[in-house]
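Encoded as structure tokens, the structure appears first; notes follow it.
The values are calculated or read from the model by the stated rules, or taken from the named source; none is laboratory data. In this text, all values refer to a predicted model and were calculated from it rather than measured experimentally. Methodologically, a virtual Cβ is constructed for each residue, glycine included, from the backbone with ideal geometry; neighbour enumeration extends over all protein chains shown. What goes into the accessible areas is simple: the full protein's heavy atoms, side chains included, and nothing from ligands, DNA or RNA. Shrake-Rupley method; radii C 1.70, N 1.55, O 1.52, S 1.80 Å.
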Amino acid sequence: MEFTKTRDLARMMEHEVDGSKMFGKKTYDDAFQKLFDQYKDLMQEYVNFCGTLEKDALEDVQDQVSRAFIACEEERLARTPARQRKVRLYDDNLYMALFVVPAVSQFKTQYTDALADCLVKAWRQRYPQHPINRGSYDQISNGFKKRRFCYITTAVCESLGKGDDCQELNCLREYRDHWLMLVENGPALVDEYYLRAPEVVRAIDSRPDRGRIYEGIYQKYIRPCISMIREGRYEDCKNKYMSMVTDLENCYCRDGSYTKH
């Protein structure tokens, strides 16, 4: 069985948005809604088609559609001059993580939910140097309201009963705005973090022992980072915080596996 409009759906990857402009709190919501509205009828056709399939055929269709998205990306890269391909792949990596996967999952059916997972898996396999995690529109949009680079810390502090204006969050926000965003590669590092952090929080929130996990994160990573900031060890804080993200990804987000943390 084949979804006859697979290629049409994969054209969701066709965009001409500058990566430096696609990720802003003033533009994200409108840009996302435009994409979602453009493809919602086609997504409904996909959902209706999937509803007629048995499990094995459904998995084959999900794989076909995911491969079509990757094929579309390969064609985009092939059309791009060699010297510009690195930038193109970086922009498309952001677009896939911030728009395409969230738009698919925003349809909120079992079929689109499974397709979103398949898209993430296919992208990771084809572009292992540019891995993405699955985030939702609500996570990303709300993240702007809570301000970036505090995503995991916000989840930790909420779990511990601390408010949005607690000293830990305020300290990290000051660090981000007055140091990290001003150093070389700092803004790019924040963007990378924001691609990865929502899936970490999503994975931990799905666990019954999330309270224990967040307490461990606070003790092992957040408290030391706050101490480093207060001691003026800003580079050490940056390294500690990003190692936290990698450690948590490896622990909770790799192919659904779990390693005791």
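Can you say whether E235 is crowded, with 20+ Cβ neighbours inside 10 Å and more than 18 Å from E168 (Cβ to Cβ), as far as the supplied structure shows?
no
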Index of the failed condition, E249 passing every other in (1) of a type in the set (D, E, K, R); (2) open to solvent by 20 Å² or more (accessible area, probe 1.4 Å); (3) at pLDDT 85 or above: (2)
Out of L160, L189, L180, sole residue that is of a type in the set (A, V, I, L, M, F, W, C), in contact (Cβ under 8 Å) with a residue 24 or more places away in the chain and touching a Gly at 6+ places or on another chain (Cβ under 7 Å): L180
Verdict on A82 being open to solvent by 60 Å² or more (accessible area, probe 1.4 Å), more than 20 Å from I132 (Cα to Cα), among the small types (G, A, S) and modelled with pLDDT of 95 or more: no
The one condition in (1) under 27 Å from Y193 (Cβ atoms); (2) open to solvent by 10 Å² or more (accessible area, probe 1.4 Å); (3) in contact (Cβ under 8 Å) with a residue 12 or more places away in the chain that D113 fails to fulfil: (3)
Enumeration of residues in the stretch 147-176 that are over 16 Å from the mean Cα position of the chain (by Cα) and either modelled with pLDDT under 75 or outside any helix (DSSP H, G or I) (or both): L160, G161, K162, G163, D164, D165, C166
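Is it the case that K220 is more than 27 Å from W123 (Cβ to Cβ) and assigned to a helix (DSSP H, G or I)?
Taking the combined requirement at face value, the residue satisfies it.
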